[in-house]
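S.K.: Got a structure for you, written out below as structure tokens; questions coming shortly.
No value in this document is a laboratory result; all are computed from the given coordinates. For clarity, every value in this text was computed on a predicted model and none was experimentally measured. Here the Cβ positions follow ideal geometry from the backbone for every residue, glycine too, while neighbour counts run over all protein chains shown.
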Amino acid sequence: MILTEVREGTTSVLVPEQDATSQFPPGSVPIFFNQRMELNRDVTVLLLSLLKPSDYLDAMGATGIRGLRVAGECGIPVTICDRDSTATSLITQNKIHTGLPVTIVERDVNALLSDQSFDAVDLDPFGTPAMFVDAAVRGCRRFLFMTATDTAPLCGAHFKAGIRRYGAVPLNTEYHSEVGLRILIGFVVRETVKYDRGIEPLFCYAREHFTRVHLRLRRGVQAADDTLNHVGFIHQCKKCPYREEQPGLLAHDYTCPHCEEPLQPIGPLWLGTLYNREIIDLMLSQTGMLQLGAQKDMTKLFRLCRDELPTSTFYDYHHIAKLLGCSPPHVDIVLERIRTAGYPATRTHFSGYGIKTEAPLRIIKNAVHGEPQD
Ligand SMILES: C[S@@+](CC[C@H](N)C(=O)[O-])C[C@H]1O[C@@H](n2cnc3c(N)ncnc32)[C@H](O)[C@@H]1O
Ligand SMILES: [Zn+2]
């Protein structure tokens, strides 16, 4: 295995040299490293530098880059775990290379988390984190973070796999990226409340091929019950863009007021907020203080998330334009028309064509078309 040095933030580590001609270069080597996850790691480093947990577990280390960055750039005691001995050898080499004082554990992380707890736990598996969440909640004192890259099951493209992994019914809608993130959080909620604990989303987002969740865990029956109040269903019409929310764990029967068709329930999923706006503001004020490679994209992401209306879905206005048979105007024109009609409306980080608003469908169609629609 030929190693090459990469630098992220202020940390330089050795990673296996990948075959750049391969369809998925990170898959061409025995130890995983994906340069496209730099923003994902940058956000976590920034958030941890504000939250300052007493310790942090990089539960799935691979090259160790995530944990080493947290140790070096946030000054937090770090443990890096991986069950694969090739990975732990490279992490040990990187520990020497960086001179950072991390603890390295070669173990199945579900066993480690059953034995030991950490203030912050970060799951970064291949694909789904579903089989690690129970142990992670038990072994986590305050901050639980995770990445999921199995977007097809989460978003409804692989329908049955989504149901098996997350115990929720997905649907491949125009807002599928948001459904995926909310199904993942809904699953984490159910894995958490059984221990009489609740969750508070700090910063949860979806981007390209992954969803990323940063949560604070809260103790007590009240916290668990309060959390469950934000779980429910989205009911989507299969014929038109109409949808509505319903809290609770039992899906009711609803009919589309436009098409008189039965609505399809999606969930159970998280209907609550995805962000703590104070934390986003703090992260925005700090982005310049750290040397972060993804600073520009991150700032854009933070601003979009901070300004998003807290609805549980968004409308794809290109999709609506297609239904109406018109060409879509600029997003700012659509937003302005909705606001002029008396309803708040914002963009969303989930999609460049996405619009968040609680305006009735009629108002949204008018805004996309520019003329009153039936
Ligand atoms: C996607 S990679 C981690 C990438 C890394 N966190 C980063 O930011 O570059 C997933 C890693 O999880 C490890 N892994 C998979 N299942 C595991 C388990 N049950 N316990 C511990 N490590 C595991 C694999 O060996 C692999 O190195
Ligand atoms: Zn309908």
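S.K.: Among 311, 63, 348, which one moves the most in a GNM of the chain with springs linking Cα atoms closer than 10 Å?
M.R.: Fluctuation is largest for 311.
S.K.: In which sequence would 49, 54 go, from the one with the fewest C-beta neighbours within 10 Å to the one with the most?
M.R.: 54, 49
S.K.: I would also like to ask the following. Restricting attention to the stretch 169-210, which GluC sites (Glu not before Pro) occupy a DSSP loop and are surrounded by at most 16 other Cβ atoms within 10 Å?
M.R.: Details: sites: 174, 178, 191, 208; in loops: 174, 208.
Here the sparse-neighbourhood loop sites are 208.
S.K.: For the stretch 107-167 and the stretch 351-374, compute the distance between their C-alpha centroids and round to whole Å.
M.R.: 37
S.K.: Is there a pair in 238/365; 160/322; 322/356; 322/365 whose C-alpha atoms are over 20 Å apart, and which pairs would that be?
M.R.: 160/322
S.K.: Also: Return the single residue from 283, 298, 37 with maximal mean-square fluctuation; model: Gaussian network over the chain, springs between Cα atoms under 10 Å.
M.R.: In the Gaussian network model the winner is 37.
S.K.: A further question follows. Roughly how many debye, to the nearest 20, is the charge dipole of the stretch 317-374 about its Cα centre, given +1 on each Lys and Arg Cβ, -1 on each Asp and Glu Cβ, and no other charges? Walk me through the numbers on the way to the answer.
M.R.: Details: 7 positive and 5 negative charges, 23 e Å.
Rounded to the nearest 20 debye, it is 120 debye.
S.K.: Same structure, new question: Can you give the charge dipole size of the chain about its Cα centre, rounded to the nearest 20 debye, using +1 on the beta carbon of Lys and Arg and -1 on the beta carbon of Asp and Glu?
M.R.: The calculated dipole for the chain is roughly 260 debye.
S.K.: Using alpha carbon centroids, what distance separates the stretch 186-221 and the stretch 270-345, in Å?
M.R.: First find each Cα centre; the distance between them is then 21 Å.
S.K.: Sticking with this structure for a sec: Out of all Cα-Cα pairs in the chain, roughly what percent, to the nearest whole number, are more than 31 Å apart? Don't jump to the answer; show the numbers that get you there.
M.R.: Numbers: 26687 of 69751 pairs.
Roughly 38 percent, once rounded to a whole number.
S.K.: Name the lysines eligible as straight-distance cross-link partners of residue 95: C-alpha to C-alpha under 24 Å, and not fewer than 8 places from it in the same chain.
M.R.: 52
S.K.: With the dipole of the chain worked out from charges on the C-beta (+1 for Lys and Arg, -1 for Asp and Glu) around the Cα centre, which of 325, 14, 280 lies farthest toward the positive end?
M.R.: Result: 280.
S.K.: Please give me the summed charge of the neighbours of residue 63: other residues whose Cβ is under 14 Å from its Cβ, Lys and Arg +1, Asp and Glu -1.
M.R.: Net local charge, residue 63 excluded: -3.
S.K.: Give the Kirkwood hydrodynamic radius (Å, one decimal) of the stretch 315-369, defined as one over the mean of 1/r across all pairs of different Cα atoms.
M.R.: Every distinct Cα pair counted, the radius reaches 10.8 Å.
S.K.: Provide the net charge surrounding residue 331, with neighbours chosen by a C-beta distance below 14 Å and charges set as Lys +1, Arg +1, Asp -1, Glu -1.
M.R.: Result for the neighbourhood of residue 331: -1.
S.K.: Around residue 347, with a cut-off of 10 angstrom between Cβ atoms, what is the net charge of the other residues, counting Lys and Arg +1 and Asp and Glu -1?
M.R.: Numbers: positive: 303, 356; negative: 307, 308, 332.
Taking every Cβ under 10 Å from that of residue 347, the sum is -1.
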